[in-house]
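First the structure, in the form of structure tokens, and then the observations on it.
What follows draws every value from the coordinates through simple rules; no lab data is involved. What you see is a predicted model, and the numbers here were worked out from it, not measured in a lab. Counting neighbours? That spans all protein chains shown, and the Cβs are built from the backbone with ideal geometry, glycine included.
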Amino acid sequence: MNTLRTWYRDLAMGVRFALGGGREGWTRTLLTGVGVGLGVALLLISTAVPGALTARDERADARSTTTAPTAAAPGRDTLLTAAARQTYHGQDIEGSLLRAEGPDAPVPPGLKRIPAPGELAVSPALDKLMKSADGALLKERLDGRIGEVVGDAGLTGPGELLFYLGSDQLRTDGEHGYRVERVTGFANDAGGRALDPVLMLMVVLTFVALLTPVAVLIAAAVRFGGERRDRRLAALRLVGADSRAVRRIAAGEALAGSVLGLGFGVGFFLIGRRLVGNLTLEQRSVFPADLDPTPWLAGLVAVAVPAAAVAVTLFALRGVVIEPLGVVRTAKPAKRRVWWRLLLPLGGLGLLTPLTGRGSEHGQFNQWQVSGGVVLLLVGITALLPWVLERVVGGTPGGPVSWQLAVRRLQISSGTAARLVNGIAVAVAGAIALQMLFSGVEGEYRNETGQDPTRAAVSILLPSGGEHRLDALAAEIDGTDGIARTVPLASFNAAHQVPADDTIAVTVGGCEALREIAELGACKDGDAFVLDGPVAEGTAKAGDQLLAGNVMGFKGGPFEHKEAVKWAFPADARTVLSREDPNGTRRTGLMVTPSAAPKDLGFDQSAQIFLQLDESVPDGLERARTAAFKADPFATAMTLKSTTTVAGYSSIRTGLFFGATGVLILIGASMLVSQLEQLRERKKLLSSLVAFGTRRSTLSLSVLWQTALPIGVGLALAIGVGVGLGSVLIRMAGRPVGIDWGPVLAMAGVGAGVVVVVTLLSLPPLLRMMRPDGLRTE
């Protein structure tokens, strides 16, 4: 009991010193609070992210029809719906066509009623886009009257682009019937697709790499003003306090700063949460109300931060001898030992090495083992950096006066300089390791599509349509500004008998269009060709008697009154070599020009139009999409791309980028606070040197060297640890180790850039402090 009472008394005294110790005391406490608060804010955001993502998914599921209850026949409570997703200027727009079949038809979340035919209901972000100058072409595409704005309950985020369009053309038994659903509600109970082990490894590592620097920064923030604090503690020894008491008092001061930091952190978090509704990153946005920290995680932060502040302070004072007449710390500092500092990274390697190759075997990684290993390696930087910096400055030769002043200062207090750059070094090392892992496994998640965007920029797919419909749509699109050329192709199936045992693919198009899929010589309307290439299904010979269209003998639905059409394949058909079309597909079977094709196939054919754009006309792609949507809302305009990326991989990489950006901003702000605190401690020293005639330029360069040298050493160590950790992670994923030095050096450059910005921002206060009147005291 006496021990607890003693601790309480000394901690309370430290709190009083921190809050009531005059301008110097509360200034130091305020700076500590700001530094801790920045870290706490990011921790609170991290605890809120899972809940925000869950809320997004729940609202998306609530409007989905993936597992919605369906009905076979129209009723009072049935709704017809069909997807009508759009793309505009690289942004995806969720869209649906709706038709109520009864007065009790379900209404999508966020709407008060079903839009009337031709009427639109749009999200606030889409409404804003369509009313802007940039959305003029989109307004032409979605030209219905806007009758309602979708409420928050129907959106995944405030920046989502979404529309509902009322339509009286939806039918389940028409040519587009297979794309229309009849539902009596909305639901999606299918659940998300589980990430594979390598992607899960990336998620875990991303969180660890982003949060470890935050912990390092909080630990550094509670030690602001350490030198002046130690001199105050010496004064306490002079009035009778023992060494244990002054350490507890110092811990009380740190406790006050950390508790104040919790308050600042909550304030920063609330400000950031209010602003987050205005941010849209990679088409992802979050409602401020969704960014709600998990209670038990927030409670853990509230307890862990003050406890860590006390522990860090007591640990930092373990090697400081506080006597009544001064502090024995830097007269002849003992050389740091390296053996225990190596235990941290070696322990991390010991945890990670047994997991080598798990990714290639599709095995599961122990998340706690991975997290522990990475944390030990990254925290090992903070242990090794003071020792490395001490060795570097200890053997540095002489030079200009500014250089000598900087080196001498670093020789006296290399630990303080190391703390300044620990956060940036840990962040850069983690980013380098993750960048190497992403580069090493990129080939597994980035696929070659085989598409050739140089031959066609867009492929418009029509589920059905005869020659006249295809020609009309192609002519309409061809007359659109920005379209250089259209390549319309129709397709249907043929067979020797019905029902067919083996179907024959037949492609119909003009000679110029057919040259996109085969090596043609002379060609005129009426010609027919047999494709020579890999045969996926059946084929035919010149002069064969075939049946075309409904060769499977379907009954009911749109095929109710259609039977296969007799067709004589031309006897003068030539054999030609097939080639890949712009979509990367090598077609098989037969090719015919329009006059040689069978007629009246009805819905038993599909169509595709390849578009080449006129690059000199702006927005040609959007004009083509608009023309296709106006002609047929079910037409799918697909942009051709040479490569595609797995959605999960892309999302994780995007999250890493924006998370790393936030952490670097935090680090920069914390470094600026730390730099200002160090300059404040040296104010009298700088003023004394100026009063004795030292040039301000010399002192300015000295301060710059004091920042640049630790940063250079820290980044070099970060590159080494980051490359080593990245190599281990790649081997864990079961991939060959390869180092792409471009991204590695880029990450180091970003870290150096943050330091340059912080240094430039600290120059004005530095110049103000280098005045002789800084010697005045009260």
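For residue 554 and residue 644, what is the calculated FRET efficiency with R₀ set at 25 Å and r taken between the beta-carbons, to the nearest 0.05? Before the final figure, lay out the partial values.
On the way: r = 33 Å, r/R0 = 1.33.
Calculated transfer efficiency: 0.15.
How high is the relative contact order of the range 1-154, given as a whole-number percent (alpha carbon pairs under 8 Å, six or more residues apart)?
Values: 131 pairs, mean separation 24.8, N = 154.
It rounds to 16 percent for the range 1-154.
So for the chain, what are the equivalent ellipsoid semi-axes in whole Å, largest first, each being the square root of 5 times an eigenvalue of the Cα gyration tensor? Present the calculation step by step, with values, prior to reporting the outcome.
On the way: eigenvalues 937, 174, 114 Å².
Taking √(5λ) for each eigenvalue gives 68, 29, 24 Å, largest first.
How big is the range 382-459 by Rg and Dmax over its Cα atoms, in Å?
Calculated on Cα positions, Rg and Dmax stand at 23.5, 69 Å.
Indicate the helices, whole DSSP H runs only, in the chain that combine a mean Kyte-Doolittle hydropathy of 0.0 or more with a Cα extent along their long axis of 15 angstrom or more.
22-62, 197-221, 243-276, 295-316, 339-352, 367-394, 401-412, 414-445, 647-681, 696-732, 741-769
At 222 nm, what helix-only mean residue ellipticity would the chain give, in deg cm²/dmol to the nearest 500, using -39500 (n - 2.57) for each DSSP H run of four or more?
Values: 19 runs with 392 residues, N = 778.
Calculated from helices alone, the mean residue ellipticity at 222 nm is -17500 deg cm²/dmol.
Before anything else, pin down the relative contact order of the range 458-641: Cα pairs under 8 Å, at least 6 apart, normalised by residue count, whole percent.
Details: 425 pairs, mean separation 71.6, N = 184.
In percent, rounded to a whole number, it is 39.
Put +1 on the Cβ of each Lys and Arg and -1 on the Cβ of each Asp and Glu in the chain; which of 517, 673, 638 then has its Cα farthest toward the positive end of the dipole?
Of 517, 673, 638, it is 673.
Which of 482, 621, 271 sits closest to the plus end of the dipole of the chain, meaning its Cα is farthest towards the positive end, when Lys and Arg get +1 and Asp and Glu get -1 on the C-beta?
Ranked along the dipole, the leading option is 271.
Assign unit charges at the C-beta atoms only (+1 for Lys and Arg, -1 for Asp and Glu), then state the dipole size of the range 458-641 relative to its Cα centre in Debye, rounded to the nearest 20.
220
Full extension from residue 497 to residue 761: what is 0.36 nm times the residue separation minus their Cα-Cα distance, to one decimal in nm? Write out the running numbers ahead of the final one.
Numbers: separation 264, 0.36 × 264 = 95.04 nm, distance 8.19 nm.
Difference between extended and current length: 86.9 nm.
Quote the relative contact order of the chain in percent (integer), defining contacts as alpha-carbon pairs under 8 Å separated by 6+ residues. Intermediate values should be presented prior to the final figure.
Numbers: 1418 pairs, mean separation 131.0, N = 778.
Value for the chain: 17 percent.
Could you please report the charge total around residue 581, scoring K, R as +1 and D, E as -1 over all other residues with beta-carbon less than 11 angstrom from its beta-carbon? Provide the component values of the computation, followed by the final result.
Details: positive: 455, 515, 579, 586, 587; negative: 452, 516, 580.
That works out to +2.
Simple spin-label model, 7 Å along Cα-to-Cβ: residue 134 to residue 574 in nm?
About 5.2 nm separates the two model spin labels.
Distance from a point 7 Å along Cα→Cβ of residue 76 to each backbone N in the range 93-112: keep the residues under 15 Å and list them by number.
Only 101-106 fall inside the zone, counting backbone N under 15 Å.
If one computes the Cα centroid of the range 623-678 and of the range 75-136, what distance in Å separates the two points?
What the calculation gives is 25 Å, centre to centre.
Using a simple spin-label model with points 7 Å from Cα along the Cα→Cβ vector, what separation in nm is obtained for residue 606 and residue 411?
Label-label distance for residue 606 and residue 411, simple model: 7.8 nm.
Rounded to the nearest 20 Debye, what is the dipole magnitude of the range 679-745 about its Cα centre when Lys and Arg each give +1 and Asp and Glu each give -1 at the C-beta?
With Lys and Arg at +1 and Asp and Glu at -1, about 380 debye.
Nearest 5 is fine: what % of DSSP beta bridges in the chain come out antiparallel, could you say?
Working: 56 of 73 bridges.
Within the chain, antiparallel bridges account for around 75 percent of the total.
If R₀ is 35 angstrom, what is the calculated FRET efficiency for the pair residue 116 and residue 657, using the beta carbon separation as r and rounding to 0.05? Walk me through the intermediate numbers first.
Numbers: r = 43 Å, r/R0 = 1.23.
Between residue 116 and residue 657 the formula returns 0.20.
Modelled label-to-label distance, residue 369 and residue 152, 7 Å Cα→beta-carbon offset: nm?
4.4
Enumerate the lysines that residue 684 could reach by cross-link, defined here as Cα to Cα under 25 Å, with residues fewer than 8 away along the same chain left out.
Those lysines meeting the cut-off are 332.
Over the range 458-641, what portion of Cα pair distances is larger than 28 Å, expressed as a whole percent? List each step's numbers first, then the result.
On the way: 4218 of 16836 pairs.
Tail of the P(r) past 28 Å holds 25 percent of the pairs.
If R0 is 45 Å, what FRET efficiency do you get for residue 300 and residue 616 from their C-beta distance, rounded to 0.05? Walk me through the intermediate numbers first.
Values: r = 60 Å, r/R0 = 1.32.
With a Förster radius of 45 Å, E is 0.15.
Starting from the Cα-Cα distance between residue 346 and residue 203, subtract it from 0.36 nm times their residue separation and give me the gain in nm to one decimal.
Working: separation 143, 0.36 × 143 = 51.48 nm, distance 2.35 nm.
Between residue 346 and residue 203, full extension yields an extra 49.1 nm.
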